[in-house]
Every structure is written in structure tokens, then in C-alpha cells.
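A short worksheet on the structure shown next.
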Amino acid sequence: MFGHTRRERTDADTENLDLLLRAGFVDQLAAGIYTYMPLGNRTKRKVEDIIRQEMDAAGAQEVAMPAIHPVELWETTGRVDSFGDTLFKVVDRRERVMVLGPTHEEVITRLFRDHAQSYRDVPVTLYQIQNKFRDEQRPRGGLVRVREFTMKDAYSFDLDEAGLDDSYASMYRAYTRIFARCGVPTVAVEADSGAIGGKGSQEFIFVTDIGEDTIVVCNNGDYAANTEKAEFVRPPAAAEDELPLEEVATPGTTSIEALAEFLGIPAARTAKAVLYTATSKDGASRPVFVVVRGDLDVNEVKLSNVLGGVELRAMTELEARELGIVPGYASPVGIEPRGGLRVVADLSIADSPNLVAGANKEGVHLRNVNHGRDGARTSWPTSRWRGTAMAARTAAGSSRSGAASRWGTSSASGRSTPSRSRRTSSTRVGSARCRRWAATASAWTASWRRRWRPTTTSRASAGRPRSRRTTCTWWRWASAVTSRCASRRTGSTRR
């Protein structure tokens, strides 16, 4: 067989990639770009065969969509900005910008829009197994996060909520069978839908020390989630009356650790200020002042969701001072909303009275800061699960966490075209999407049903097919509705 094995270790960043290289399964061409050798390609095809068998058994139909997409299709949904530098772009000889597809929500939605003629065309699930492209900043994990990868992505189109639930359950069962047949033990966990969007998402996680994700699992087995999504029980603060504000000199205490040590208090008795610049999909930027309890960290995924799916970056010291904020002593108390500044308080702040926070003066902090009285009156869940300090949502004070690798994702959506997107899986071959039918499509197919499905049937016409003339009229009307919907979504005329 072509290729050779190696005895000596390689300089691979993980043990799994080292073994794959030494055993002759793959050959590395560049960072995140690999050739599947005959042995590796044979194994890959066996996995694909299992996936095809299970997807076909679930009633899905295989298609093959192009890997090159017009950038206008992605601009329509706003996902050019969502993907950012991860999106591979090429320019053809006519100076038209094209995209190397990292996923196919835009393409499959357009395909369905142009070819679905009736509510009778649903439910339907379409899938493909195809190479995808993402310009990962740091390709790592062997074949887990690479720049070119093979992914199975599936999309279901359903008429209503009940149909969506059935399709979702069907894909969940198919995934379970796929991983079982491949001999891969996985844990289904709740996950954030991220840029793909939708009302719910589950990831199939393989627990491994080299995984790049962290999951939280209740010991009683009734709850599991990625830390980006995990809801947890925050350690309760001591119940006490609100005390009056007072300034205290705290020279050289620009970190929570230094402040807690200087005052001889636990970090949970402090309020941490974290400053961001948030950029929305239309390119507008605004400063964000996040306040979280000192023993917790900010969960940027949750924060982005609170702010409407914005892109976050840390605010620079110069930017903070221009807003009148003193880095290291930033305070939400009495801050002026310069430059559209928005203050976001975590739920942990609302639950904790008499905290120590910055005074917006060099070397000075404030004691007895209370949410509502001294700052924002609303709060959101923006903090991150932090080790043994918290228990998962449904655990009776009993949970565990660990590193894991994402091998598959199933998510549900209710939009006509996805406005956001997210990485599908870690191994890519075992990943898919359960997509909800377009809201627009649902509306016009429902109108077809109301207009053309008879509510009563005369005795003379019972059991007879609709006349040819009536059928042709029905299809002409349906085509006109389809064209109008297509032109509304794309700004073009259907041909």
C-alpha cells in the first residue's frame, strides 16, 4: 500500500495527529491542510458509508451543492460579517468576489425556495457530504480544527412546529446510531446556537483531555451543557441590609486579587469591571461596561447574545480614558454614558449586597455598592461557570466538568434565512444541522392550503381529481407567489 509508517515521533501538537502521521493515515501539506493517504481515505469512506446509511434510513435525501458561492448570497443574510476572517474569499477574472463555503444554509434555503412548489413538498430533509473551508486562525487538534474538512450537513424543511420537532428527533436518533456504529462514546449536551442561530442546539461531545471545549455534567445525569450555554447555581451571598456608600483608599490594587488581599475580604465580596467594544452586524461600534462578581468571569458568548449577537473585543486603556473611565478602578456608580456606553450587570451582582467596587479615581474604591441603588437596575446572565465554585443548574450541589471535543451538532431554527452561523462540529464528518423551514415559505404554503384545499366536497365531485384546467390555474398562481417571494428575498426576478 502506498505510503510508509514511521517509528520516530513527529512534531504534531497532539498525540492523535502524531499517531495518524506515523501510521500513514494522513500527510500534512500545510497547517490545517492534510492529504488522506490510502489507508486514511479508506477509513474515511467507511465512516461516510455509515452516515449515508443512517441518513437514508431517516428519510433524508442526498444532494451535492457547490463549494463556491457568490458573496452576495452571504451579504443578504449578514453572515459575511459574522464569519469575519474565517471566511475564505476568492476573486474571479471578472472581479467578482466568491466565497469558499464553510457551511450551506444560504445555498440550501435558496435551493428550496426555488424548487418547492407546494405545502405537499414538505417535510423534506436534504443532506450532503462535502469538503468545507474555514480560515482558522490556529488550526489545531489534528483533524479536529482544520482549514479544509469533510462535513455532513443536513437541513430539514417543515410546515410547522410539530414537524420541526419530529425532524429534530429523527436527526437526533440518527446521530445516536451513527456514533454507536462508529464505536465513539458521546454525550449530548445543550449548546449555544451561536452564529447559526435558532431556538435550540445540542452538541454530541466526545470527552477527551485534548478537547478544546469544556462541558458541565450533573452527577445525577439529568443535565449536561457546554460552558458557553450552561446555566448554573451561583453560590448565594450572605443576606444583609444595604449599607451607605463609603470611599476607601486602595493604592496599587488594580486587580481583584490585589484588592481582596489588601482589604482582607473574599473575591466574592467585590465587583469586577470588564470593558469591551461591541461591533454590530451593520458595523456600528459602542462601548460596553460589564459588571460581574469578582470570583466569576465574563462569558463572552452569553454577553454577545444579550447584546444581540455582536462581535466583542477588549477595550484599550486609551479608549477607556476617553470615556472618563479609570482603568483598574473603573466603577459603574455615577458613570456618564459617553459615546453610547452601555452598562451590563450580571445576575450575580443583583444577588450580592454591599460589594466593593471601583470609584473611578486612582487608588480609591467604594464599599457597600448595591445593584439597583447605585447602578443599573436590570441584570442579565453573563458570567461563566468557574470550576468547583458553582453547581450545574439541576444538580443538588453536585456536578463535574471536563475537556471535550465536539463531534456533531443538531440545531433548530425558525428564520427564513439564517442571519448567523456557527462551526458545525469537530470531526466534521459526523456533523449536521436540523433546520426549520423558512417563515416566509410557511406563510405562503399555508395560504395555498387555505385557498385551494376544499373544506367541503359535494357528492357529485367526491373522489374525483381536480380538473386539468383548475390544476393548471393553481400551479400558475403558485408560481407567481414563489416568484414574488424570491424577488423579495434576493431583490431579483425569478427566471
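The values are calculated or read from the model by the stated rules, or taken from the named source; none is laboratory data. Source: prediction; values computed, not measured. Cβ placement follows ideal geometry from the backbone for every residue including glycine, while neighbour counts extend to all protein chains displayed.
Does any residue of region 114-132 turn out to be in contact (Cβ under 8 Å) with a residue 60 or more places away in the chain, touching a Lys or Arg at 6+ places or on another chain (Cβ under 9 Å) and part of a helix (DSSP H, G or I)? Yes, some residue in region 114-132 is in contact (Cβ under 8 Å) with a residue 60 or more places away in the chain, touching a Lys or Arg at 6+ places or on another chain (Cβ under 9 Å) and part of a helix (DSSP H, G or I). Output the residue which, of all residues in region 46-71 that are under 28 Å from the mean Cα position of the chain (by Cα) and without any contact (Cβ under 8 Å) to a residue 40 or more places away in the chain, is surrounded by the most Cβ atoms within 10 Å (Cβ to Cβ). Only one residue fits best here, namely His69. For the subset of region 169-222 comprising residues that are modelled with pLDDT of 80 or more and among the charged types (D, E, K, R), which member is surrounded by the most Cβ atoms within 10 Å (Cβ to Cβ)? This residue is Glu203. If the condition is being in contact with an Asp or Glu (Cβ under 7 Å, 6 or more places away or on another chain) and within 20 Å of Glu257 (Cβ to Cβ), then region 355-368 contributes Ala359, Val364, Leu366, Arg367.
The residue that is nearest to the chain's Cα centre (by Cα), counting only those in region 31-45 that are under 16 Å from Val146 (Cα atoms) and in contact (Cβ under 8 Å) with a residue 24 or more places away in the chain, is Gly32. Among the residues of region 73-121, the ones that are touching a Pro at 6+ places or on another chain (Cβ under 8 Å), at pLDDT 90 or above and surrounded by 20 or more Cβ atoms within 10 Å (Cβ to Cβ) come to 7 in all. For region 1-49, the set of residues classified as among the polar types (S, T, N, Q) and assigned to a helix (DSSP H, G or I) consists of Asn16, Asn41, Thr43, listed by residue number. Restricted to region 122-144, and to residues there that are surrounded by 14 or more Cβ atoms within 10 Å (Cβ to Cβ) and out of contact with any strand residue (DSSP E or B) (no Cβ under 8 Å at 6 or more places or on another chain), the residue that is modelled with the highest pLDDT is Gly142.
Let's see how each residue does on (1) closer than 18 Å to Ser352 by Cβ; (2) of a type in the set (Phe, Trp, Tyr); (3) assigned to a helix (DSSP H, G or I):
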residue: Ala230; (1), (2), (3): no, no, no
residue: Asp241; (1), (2), (3): yes, no, no
residue: Pro251; (1), (2), (3): no, no, no
residue: Ala273; (1), (2), (3): yes, no, no
residue: Val291; (1), (2), (3): yes, no, no
residue: Val301; (1), (2), (3): no, no, yes
residue: Leu312; (1), (2), (3): no, no, no
residue: Ala320; (1), (2), (3): no, no, yes
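When region 298-350 is filtered for residues that are within 17 Å of Arg286 (Cα to Cα), within 17 Å of the chain's Cα centre (by Cα) and of a type outside the set (Val, Ile, Thr), the ones remaining, listed by number, are Glu300, Leu303, Ser304, Asn305, Leu307, Gly308, Gly309, Glu311, Leu312. Kindly indicate whether Asp11 is exposed (fewer than 13 other Cβ atoms within 10 Å of the Cβ), without any contact (Cβ under 8 Å) to a residue 40 or more places away in the chain and more than 19 Å from Phe179 (Cα to Cα). Considered against the rule, which asks whether it is exposed (fewer than 13 other Cβ atoms within 10 Å of the Cβ), without any contact (Cβ under 8 Å) to a residue 40 or more places away in the chain and more than 19 Å from Phe179 (Cα to Cα), Asp11 comes out as yes.
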